[in-house]
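Take a look at the structure below.
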Amino acid sequence: MERVAIIGTGYVGLVSAACLAELGNKVICVDNDKKKLEGLKKGIIPIYEPGLDELVRKNAKAKRLIFTTSIREATEKSQIIFICVSTPPLPDGSADLTAVEDVTAEIARAMKEYKLIVGKSTVPTQTHEKIKRTIKMITRDKIVFDVASNPEFLREGHAVRDTLFPDRVVVGVESSRAEKLLRQLYKPLKTKFLVTNITTAELIKYARNCFLSTKISYINAISQICERINADVEKVAEGIGLDVRINPHFLKAGAGFGGNCLPKDLEAFIRLAEKKGYDFELLKAVRKINTDQKRILLKKMEEALWIVKNKTIAVWGLTFKPNTDDIRNSVAIEIVKMFQQEKAKIQAYDPKGMPKAKVALKGVTFCKTAYDALRGADALLILTEWDEFKNINLEKVKKLLRQPVIVDGRNIFSPSAMSAQGFIYKCIGRGSDLA
Ligand code: NAD
C-alpha cells in the first residue's frame, strides 16, 4: 500500500485516483476548484465516464480515497505525488505550464521529507528539469526528492478500463529509488512496464498522440481520393487495417479529430520541434488535413439542401466522441458554429454532452430525445457516433424529418441500405454517395 497524492482532479486525475485506490493504495485528491471538490466529497462525480461513479463512491466509503483543496495536506500525507493539472495551449500553440509551475511550487513549500513527484500532465520534453530546479530552489536543496514522468494514455469513454488494464505503463526516471516505488505501485496491473529516462518518457506521449492524429488524417485524406474515384474508404480502412503492421484502430474517416488532447498535443509538438530547430512538415500536413476536413459537412449539406440559410438542421452528437460528456475542442461544436454562421437553425441532441454544450453554444434548441431534434427539421447532421444513433428506428427518422436528408460525419450507416430506404444520405469517402 502506497500513500499517493493526485493534484488536479479532472478526467485524468480523478480516474487515476479512483483506480489507484481500487488497487489498495491510500489516495488523496487535490483540486483548486472548490465547487468540484465539495461535490466529490458528497459523492457527486463531475464528469461522465463509464464505471467511474461506482469506483469513486466505493473507495471513498472505504476511506482509501479522500478529497482536499490543500496541496500542503496532500504533500504531507503522501510519498508519491502525481501532477495531473491541465496544460492548455497558449496562443502560439505551445503548452501553458502555469498550473504545473504553481503546484510544483506549492508541493515544494510543503515538503519536509523525501517525495517522488511524478508528471502525468502532458508536457513538453525537459519540463521535469524545470520542476526539479523549482523544487531545489524553494527547498534550498535541503530535502532529497525525485522527479519522474508517467505519461497518461487513457481514452475518455474507456478511461477506467484503460487505467486498470493498460497496454503498458511508461515511466521516465533518473534514480533506482523512483523506479522501485513506481514498479511497486503498478505491480498489481501485471502489464508491460517500460522504463526510460525522463525526457524520453515525456516525448513518448507527444509521439504517440501525434502518430494517432497522423493515422486519422491519413484515412481522411484517403477518403478524399475515394470521393473522387468512386471507392469506399470504409473498405480501404478494413483492407489496410487487417495488416498487423497497421491495425484497424484510428482508421475511421470522418469529420476530423478534436478533444482535449490530440489537437493541443499536435500544436505543442509542432512548436516544440520548431524550438529545437526541426520543421515538422509531416505534422503540419496532418493539421491542415484535419482543418479542411471539418468544412466538408457544410459543403455536403449545401449539395443536399442547396441553401443552408434559414433551414432547420437536426444535430445528433455534440461531444468530441461517444461515451463521454467532454466537449472540449469538439469538432461537433465547431461544426455547429459553422452552420450557425451560415444562419442555419440548430436543434441538437446528445446523450451526455448537453449540460456542457449549453454553456458553449448560444442560440441552439436543445432537445430531450434524438427524435425530438428531428421534428420539423430539413435535414439531420450526425456529428458523434453514439450507439443510440446506430440503433435508431430509421422509419421514424424518415417520418419526422421534413425531407429524408442525412449528412453523416461519422459514417454510421451503410449508404446502399440508406438509399434503399429512401434517404438522401451523404457520408464521408464512400463512392456510392457521390453526387
Ligand atoms: P481537466 O481539465 O479535466 O483536469 C485538470 C484539473 O486540474 C481540473 O480539475 C482543474 O481544476 C485542476 N487544476 C488546474 N490548476 C490547478 C491548480 N493550480 N491546483 C490544483 N488543481 C488545479 O484536464 P484532464 O483532461 O484531466 O487533463 C490533465 C492533463 O492530462 C493534461 O495535461 C492533458 O493533456 C493530459 N491528458 C489528458 C487525457 C484525457 O483524455 N483527458 C489523456 C492523457 C493525458
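A few points about this structure:
- Euclidean distance of C-alpha centroids, the stretch 365-435 and the stretch 88-111, integer Å: 44 Å
- Where only alpha carbons of the stretch 3-196 are counted, the Rg and the Dmax (Å): 15.7, 45
- When both bridge partners sit in the chain, DSSP labels roughly 5% of those beta bridges antiparallel.
- Using a probe of 1.4 angstrom and keeping all protein chains present, the accessible surface of the stretch 240-287 works out to 53 square angstrom per residue.
- Note that the chain shows a convex hull volume over its alpha carbon atoms of 146 Å³ per residue.
- Environment charge at F193 (Cβ cut-off 11 Å; Lys +1, Arg +1, Asp -1, Glu -1): +4
- The stretch 69-107 residues near the modelled R177 label - backbone nitrogen below 16 Å, point 7 Å along Cα→Cβ: 78-81
- Over the chain: helical MRE at 222 nm, DSSP H runs n ≥ 4 each giving -39500 (n - 2.57), nearest 500: -13500 deg cm²/dmol
- Beta bridges per DSSP with both ends in the stretch 63-182, % antiparallel, nearest 5: 20 percent
- A simple spin-label model places pseudo-atoms 7 Å from Cα toward Cβ; at E54 and S414 they are separated by 3.5 nm.
- Computed extension length for R375-N310: 21.8 nm, one decimal, from 0.36 nm per residue of separation with the Cα-Cα distance subtracted.
- Candidates H128, H249, H158, ranked by Gaussian network fluctuation over the chain, Cα under 10 Å, top entry: H249
- Here the calculated FRET efficiency for K35 and N230, from their Cβ-Cβ distance with R0 = 41 Å, stands at 0.15, rounded to the nearest 0.05.
- Carbon and sulfur %, accessible surface of the chain computed with the full protein complex present, 1.4 Å: 54 percent
- Surface listing: Y48, Y11 arranged by accessible area from highest to lowest gives Y48, Y11, probe 1.4 Å.
- Nitroxide proxy distance, nm - points 7 Å out along Cα→Cβ at K190 and E342: 5.3 nm
The values are calculated or read from the model by the stated rules, or taken from the named source; none is laboratory data. Predicted model, so just to flag it, every value in this text is computed and none were measured. Counting neighbours? That spans all protein chains shown, and the Cβs are built from the backbone with ideal geometry, glycine included. Accessible surface areas use protein heavy atoms only, side chains included; no ligands, DNA or RNA. Shrake-Rupley method; radii C 1.70, N 1.55, O 1.52, S 1.80 Å.
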